[in-house]
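Here's the structure, in structure tokens; my notes come after.
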Amino acid sequence: MSLRLIGYSQSVYTWAVRMALAEAGRTARFEEINPFDPAAVGALGPHHPFGRVPVLWDGRFRIYETGAILAYLMPGERDPKRAARARQVAGIVDTYGYWPLVRQVFAHGRFRPALGLEAEPGELAAGLAAAPKVLAALEEIAAERLVLDGAQTGAAECHLAPMIGYFAEVPAARRLLESTPALSRWFAAVSARESYQSTRPHLPEAEAIP
């Protein structure tokens, strides 16, 4: 059965699913819906009960929530320690990482200025203040080398890589990332992969806030 991916091309979570599809050697017909556009929210009704993206359809089988989609696309991890770490990375990403790294740092330090929208310096500063704790938790996991080791690309790596990629678009954020050697080594390796490069969203050209 053919796969359909409902998503927003600039969404970090849609990017994660596209990266996983590339790693798995699968393709999906993409249907763009911007969940931030009030006029488009109704179109998500048949796909996601909470009006979010991404959503993956495999024939009539529907999956939403990024972690569930990635688990469906990527082979499972048999080693219980590695499996636990992969789930831990996903939990850190969704619960503690997304808001400061993406919605505060990336949105107000790179994305909104590129679109000519007003950015809030306070939001950027708050995200940069919260980011080191998130990066430190991920650094500990990367240094352990059960996951985020640069040698494998599974669900945890696909979940995290786009978020770090967006975060690193802001120079001040990139400097914070450089202070985490194990995480930086992993990101250098994963961001060079074809699956990352070929699915990376196009961002409008703009000078990021230093």
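The values are calculated or read from the model by the stated rules, or taken from the named source; none is laboratory data. Remember, it's a predicted structure, so these values are computed and weren't measured experimentally. Note: ideal-geometry Cβ built from the backbone for every residue, glycine included; neighbour counts use all protein chains shown.
Quick check on my filter: what residues within the stretch 61-81 are of a type in the set (D, E, K, R) and modelled with pLDDT of 95 or more? It would help to see each step written out before you state the result.
First pass over the stretch 61-81, keeping only residues of a type in the set (D, E, K, R): 62, 65, 77-79, 81.
Across the stretch 61-81, the qualifying residues are ARG62, GLU65, LYS81.
Within the bounds of the stretch 190-209, is there any residue that is among the aliphatic types (A, V, I, L, M), buried (at least 17 other Cβ atoms within 10 Å of the Cβ), at pLDDT 95 or above and farther than 18 Å from SER9 by Cβ?
Looking through the stretch 190-209, at least one residue is among the aliphatic types (A, V, I, L, M), buried (at least 17 other Cβ atoms within 10 Å of the Cβ), at pLDDT 95 or above and farther than 18 Å from SER9 by Cβ.
Checking ARG62 against (1) surrounded by 14 or more Cβ atoms within 10 Å (Cβ to Cβ); (2) over 23 Å from LEU101 (Cβ atoms); (3) touching a helix residue (DSSP H, G or I) at 6+ places or on another chain (Cβ under 9 Å), which single condition isn't satisfied?
The number of the failed condition is (3).
Answer with yes or no whether GLY122 is under 24 Å from LEU21 (Cβ atoms) and surrounded by fewer than 20 Cβ atoms within 10 Å (Cβ to Cβ).
Working: under 24 Å from LEU21 (Cβ atoms): no; surrounded by fewer than 20 Cβ atoms within 10 Å (Cβ to Cβ): yes.
No.
Among the residues of the stretch 31-49, is any touching a Cys at 6+ places or on another chain (Cβ under 9 Å), crowded, with 17+ Cβ neighbours inside 10 Å and either on the phi > 0 side of the Ramachandran plot or outside the structural domain of LEU115 (by TED's automatic domain parsing) (or both)?
To start, the set of residues in the stretch 31-49 that are touching a Cys at 6+ places or on another chain (Cβ under 9 Å) comprises none.
Within the stretch 31-49, none of the residues are touching a Cys at 6+ places or on another chain (Cβ under 9 Å), crowded, with 17+ Cβ neighbours inside 10 Å and either on the phi > 0 side of the Ramachandran plot or outside the structural domain of LEU115 (by TED's automatic domain parsing) (or both).
Given the structure, is LEU56 touching a Lys or Arg at 6+ places or on another chain (Cβ under 8 Å) and within 16 Å of CYS158 (Cα to Cα)? First the steps, then the outcome.
On the way: touching a Lys or Arg at 6+ places or on another chain (Cβ under 8 Å): yes; within 16 Å of CYS158 (Cα to Cα): yes.
Taking the combined requirement at face value, the residue satisfies it.
Need pairs with beta-carbon distance below 6 Å; first residue polar (S, T, N, Q) and within the stretch 15-40, second assigned to a loop (DSSP other than H, G, I, E, B); sequence gap 6+ or separate chains.
ASN34/TYR8; ASN34/ALA40
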